[in-house]
Amino acid sequence: TLFSEEAGSFIQLQFHELLERLGESAIAAFKAFRVAISSNGCLYPFAGGGVHPLNKYVMNYIRMFPEYCDTLNLLLKNQHPGVADQVTKPDYGPDTSLLTSCPMAYHLRSITSCLESNLHKKSQLYKDEALQHIFLMNNIHYLVQKVKGSKLRLFFGDEWIRKHNAMFQQHAMNYERATWSSVVSFLKDNNPGSSSMSKSTFKERCKGFSIAFEEVYKTQTSWSIPDPQLREDLRISTSLKVVLAYRTFLGRNLAYTDDKCVKHTVEHVENSLLDLFGGSSRSLRDSRRW
């Protein structure tokens with residue numbers, strides 16, 4: 001606007017060349033950031049399966065980017081001619097849907113994609129399959145919360161959020177299967193048509209369940225789910241499955257429940273499950289409260 005006359009064409013040319021070089025520098029900076037994320041490795045798994053520091057660093061860093069949306073899109077639009085016409089200023093008004101297609105949104109999603117790949121590699125460092133799922137559940141949930149709770153949401157879009165919500169929920173279900181399927185298997189009746197099993201079988205099942213349950217308790221109280229609501233939701237979901245199975249098991253074999261082989265009451269199992277994922281290993285104390 002300032003140099004619209006023909007006499008200013010040289011200045012205009014220099015100015016646009018400068019913008020072009022700034023855009024190239026921005027592209028190089030984004031690429032370097034993605035490389036740094038991808039190459040961030042470690043030899044040992046992150047203790048407790050909580051939110052990894054790399055995840056926190058990257059997400060808290062890119063939360064600042066929306067403040068520079070108009071500038072970054074101006075610099076990047078020539079680097080992305082296919083989306084140049086969809087660049088819009090961040091007024092967050094009726095046209096916010098266009099923000100998911102702007103150049104900056106492309107780079108934001110590319111960065112988080114590199115982050116997710118790195119987190120999946122880090123999950124493989126855990127020998128315990130269930131802890132792999134806890135780690136991924138924690139970290140994908142953290143990604144979603146950071147996007148939902150900031151202006152990043154406008155650049156990622158609701159579809160991205162729905163997809164990643166489903167991802168961390170799937171890892172929660174995979175955790176339950178990996179951990180509790182074998183434990184609850186002790187409570188299944190091989191002869192569902194009969195009212196109860198033999199006393200010797202009942203004692204054997206009780207012993208197997210107690211040993212398996214105590215081992216899970218000892219191990220998984222040291223695991224960490226930092227988000228209070230996520231932790232509570234998984235505890236409740238787990239409790240519904242395990243406690244119901246245990247209550248049904250004892251209810252079908254009431255004739256034997258006064259035997260010493262019943263080490264834990266239903267209430268004790270239910271209360272013990274509330275200790276999981278606190279980040280501090282504990283030993284399950286015997287309980288004979290009825």
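Within the range 18-68, can you find the residues that are part of a loop (DSSP other than H, G, I, E, B) and surrounded by 19 or more Cβ atoms within 10 Å (Cβ to Cβ)?
F46, G50, V51, H52
Quick check: is even one residue across the range 155-168 in a loop (DSSP other than H, G, I, E, B) and either of a type outside the set (V, I, T) or exposed (fewer than 14 other Cβ atoms within 10 Å of the Cβ) (or both)?
no
If I ask for residues that are over 27 Å from G157 (Cα atoms), in contact with a helix residue (DSSP H, G or I) (Cβ under 6 Å, 6 or more places away or on another chain) and polar (S, T, N, Q), which ones from the range 112-145 would you list?
Listed by number, the list holds a single entry, Q132.
Quick one: G49 ticks every box in (1) of a type in the set (G, A, S); (2) touching a Phe, Trp or Tyr at 6+ places or on another chain (Cβ under 9 Å); (3) under 23 Å from H107 (Cβ atoms) except a single one, so which number is it?
(3)
Taking E215 and the conditions (1) part of a helix (DSSP H, G or I); (2) acidic (D, E); (3) surrounded by 14 or more Cβ atoms within 10 Å (Cβ to Cβ), which numbered condition does it fall short on, given that it satisfies the others?
(3)
Has the range 193-208 got any residue that is closer than 30 Å to I111 by Cβ, of a type in the set (G, A, S) and not in a helix (DSSP H, G or I)?
No: the range 193-208 contains no residue that is closer than 30 Å to I111 by Cβ, of a type in the set (G, A, S) and not in a helix (DSSP H, G or I).
Give me a count of the residues in the range 253-282 that are touching a Leu at 6+ places or on another chain (Cβ under 8 Å), open to solvent by 10 Å² or more (accessible area, probe 1.4 Å) and part of a loop (DSSP other than H, G, I, E, B).
Final tally of qualifying residues: 1.
Residues to consider are S9, S101; find the one that is at pLDDT below 90, assigned by the TED database to the domain that holds V144, over 21 Å from the mean Cα position of the chain (by Cα) and open to solvent by 30 Å² or more (accessible area, probe 1.4 Å).
S101
Could you go through the range 198-212 and let me know if any residue there is modelled with pLDDT under 95, of a type in the set (D, E) and open to solvent by 20 Å² or more (accessible area, probe 1.4 Å).
Scanning the range 198-212 turns up at least one residue that is modelled with pLDDT under 95, of a type in the set (D, E) and open to solvent by 20 Å² or more (accessible area, probe 1.4 Å).
Return the pair list, or none, for Cβ contacts closer than 6 Å from residues in the range 222-234 that are farther than 19 Å from Q170 by Cβ to residues that are at pLDDT below 95, at least 6 apart or on different chains.
S222/S281; S224/G279
Go through L230, L250, L234, L240 for me and flag whichever is over 33 Å from the mean Cα position of the chain (by Cα) and assigned to a helix (DSSP H, G or I).
Going through L230, L250, L234, L240 in turn, just one is over 33 Å from the mean Cα position of the chain (by Cα) and assigned to a helix (DSSP H, G or I): L250.
The values are calculated or read from the model by the stated rules, or taken from the named source; none is laboratory data. Owing to the predicted nature of the structure, the values given are computational and were not obtained by experimental measurement. Counting neighbours? That spans all protein chains shown, and the Cβs are built from the backbone with ideal geometry, glycine included. All accessible areas refer to the heavy atoms of the entire protein, side chains included, with ligands and DNA or RNA removed. Shrake-Rupley method; radii C 1.70, N 1.55, O 1.52, S 1.80 Å.
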